[in-house]
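Enquirer: If you scroll down you'll find the structure; I have some questions about it.
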Amino acid sequence: MSNPVLNHVVLGYAPMIDRQRDVIATRLTVFPARPDTVVPATELLATLAEAWPEGGVKLALNVASEAMLHDLLRTQPASHVMVEVPAFIAGDPAQTQAIVDLHARGNLLMLAGRPRQPLPREVLGCFTHSIIDLSEERRSDAVAPPGTTRSIGFVQSGVRTAVQVAEAFERGAVAVLGWPLDDVVPATGGKGVKPDLQTIVELIRRVDNEEPVERLDAVIKLDPTLGFKMLRYINSPAFGLRVEIASFRHAIMMLGYQRLKRWLALLLAQASKEPDAKPVMFAALRRGLLMEELVKASGQGDTQLRDEAFICGVFSLLDKMMKQPFDELLKSIPIPAGVSQTLVGGDGPYRPYLELVQAVENASVFDLREIAERLMMSTAEVNAALLRALALARELG
């Protein structure tokens with residue numbers, strides 16, 4: 001994905017999560033590369049259309065530039081694009097008509113922050129939700145923000161743990177914005193991988209040993225859904241194969257043992273049945289894809305290195321999902337040495353890429369630029385890698 005727009009912005013992203021812990025939208029934060037940068041909104045929307053085609057998962061745009069947002073309010077985004085409007089802009093009479101017109105075209109608008117003054121009457125009905133950051137949360141039954149009514153549901157932003165997510169919904173939030181990835185992993189979590197995941201781990205071991213396909217088939221027969229899920233991933237448009245893979249034997253013939261490891265890693269990271277794990281699994285897939293794209297964009301990686309980067313990204317949240325520390329968890333799962341060094345030792349070859357992904361997730365412009373510079377990558381290359389990874393994740397479903 002090559003587009004001049006990507007040279008002039010810095011992108012970060014986060015999920016919007018509903019009460020069932022399903023991700024219902026992706027929030028994309030758009031920073032100008034320089035304070036005086038103004039990217040035409042039509043060009044920005046055209047660039048984002050590949051990752052978010054019309055009719056797909058909703059995109060919530062958080063534009064951190066007043067001039068760029070003014071322009072965005074006067075465009076015609078696709079119907080699945082939601083726009084965050086800061087309270088101070090919503091209260092500006094000069095923006096009233098643009099907000100009313102955008103609402104009339106069918107776009108969902110979200111009021112970001114608490115207005116200090118009553119909003120113009122014309123815009124009150126334009127907002128479906130208000131976004132209240134956790135650090136500013138002081139909602140009670142007796143006090144409502146000025147210029148809003150209780151008919152507007154609120155979305156809680158800034159959540160970082162599963163407990164904060166649960167508390168936000170207890171306060172009446174309709175959704176939360178953020179990465180609930182900061183839960184502390186117990187110092188000891190038991191005895192390796194949970195029993196219900198042992199079939200996948202056993203398959204990973206046998207593929208790592210390149211055992212005959214007959215022995216691999218015997219493992220798959222222990223869990224008939226396992227083969228179905230793996231073939232669904234492999235046959236997805238994201239994998240880019242020209243022929244349909246019909247069996248595990250066929251997959252080994254077409255891909256080889258090395259390429260197969262990445263999809264088994266994904267199966268393991270997507271296997272949790274706990275509702276609170278859904279956002280973590282969402283993050284794990286995108287981390288894997290983004291790390292792979294970053295390694296590819298940096299020009300450092302052959303196929304094996306890209307596959308290992310993918311595995312590293314996917315497994316980087318395995319401790320959160322399994323509630324076990326890496327040094328304990330990875331004793332029972334064969335992984336490449338560089339991945340283990342990165343996740344357990346914290347200084348492996350994929351560490352800078354993992355830190356760059358975390359900077360993107362946190363929309364940390366300073367960290368993103370500093371790490372990208374260390375990797376001799378431009379901001380545009382990081383942006384392009386992010387959009388490619390998000391598009392691939394959408395194709396994987």
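Enquirer: How many residues does the range 117-132 contain that are part of a helix (DSSP H, G or I) and buried (at least 21 other Cβ atoms within 10 Å of the Cβ)?
Expert: Residues that pass the stated criteria total 1.
Enquirer: State yes or no: is Ala309 of a type in the set (Gly, Ala, Ser) and open to solvent by less than 10 Å² (accessible area, probe 1.4 Å)?
Expert: So Ala309 passes the test.
Enquirer: So, one more: With (1) crowded, with 17+ Cβ neighbours inside 10 Å; (2) of a type in the set (Ser, Thr, Tyr); (3) modelled with pLDDT of 90 or more as the list, and Thr148 as the residue in question, which single condition is left unmet?
Expert: Going through the list (1) crowded, with 17+ Cβ neighbours inside 10 Å; (2) of a type in the set (Ser, Thr, Tyr); (3) modelled with pLDDT of 90 or more, Thr148 breaks only (3).
Enquirer: Here's something else I'd like to know. Taking the condition open to solvent by 10 Å² or more (accessible area, probe 1.4 Å), more than 24 Å from Ala391 (Cα to Cα) and either at pLDDT 95 or above or touching a strand residue (DSSP E or B) at 6+ places or on another chain (Cβ under 9 Å) (or both), does His8 pass?
Expert: Spelling it out, it is not the case that His8 is open to solvent by 10 Å² or more (accessible area, probe 1.4 Å), more than 24 Å from Ala391 (Cα to Cα) and either at pLDDT 95 or above or touching a strand residue (DSSP E or B) at 6+ places or on another chain (Cβ under 9 Å) (or both).
Enquirer: Could I ask something else about it? Of all the residues that make up the range 336-355, how many are open to solvent by less than 60 Å² (accessible area, probe 1.4 Å) and outside any loop (DSSP other than H, G, I, E, B)?
Expert: Matching residues across the range 336-355 total 10.
Enquirer: Considering the range 20-44 alone, what residues qualify as being over 16 Å from Asn383 (Cα atoms), open to solvent by 20 Å² or more (accessible area, probe 1.4 Å) and more than 18 Å from the chain's Cα centre (by Cα)?
Expert: Matches in the range 20-44: Pro35, Asp36, Val38, Pro40, Thr42.
Enquirer: Tell me which residues, restricted to the range 57-70, are closer than 21 Å to Asp22 by Cβ and open to solvent by 30 Å² or more (accessible area, probe 1.4 Å).
Expert: Across the range 57-70, the qualifying residues are Val57, Lys58, Asn62.
Enquirer: For the range 345-394, give me the residue count where each residue is farther than 26 Å from Ala60 by Cβ and either of a type in the set (Asp, Glu) or in contact with a strand residue (DSSP E or B) (Cβ under 6 Å, 6 or more places away or on another chain) (or both).
Expert: 3
Enquirer: From Ala297, Ala238, Ala251, which residue is open to solvent by less than 60 Å² (accessible area, probe 1.4 Å), assigned to a helix (DSSP H, G or I) and modelled with pLDDT of 85 or more?
Expert: Every option except Ala297 fails the conditions.
Enquirer: Same structure again: Could you say which residue among Glu361, Glu292 is in contact with a Lys or Arg (Cβ under 6 Å, 6 or more places away or on another chain) and open to solvent by less than 40 Å² (accessible area, probe 1.4 Å)?
Expert: Going through Glu361, Glu292 in turn, just one is in contact with a Lys or Arg (Cβ under 6 Å, 6 or more places away or on another chain) and open to solvent by less than 40 Å² (accessible area, probe 1.4 Å): Glu292.
The values are calculated or read from the model by the stated rules, or taken from the named source; none is laboratory data. Because the structure is predicted, anything quoted here is derived from the model rather than measured. Cβ sites come from the backbone with ideal geometry, for glycine too, and all protein chains shown count toward neighbours. In case anyone asks, the SASA skips ligands and DNA or RNA and just uses the protein heavy atoms, side chains included. Shrake-Rupley method; radii C 1.70, N 1.55, O 1.52, S 1.80 Å.
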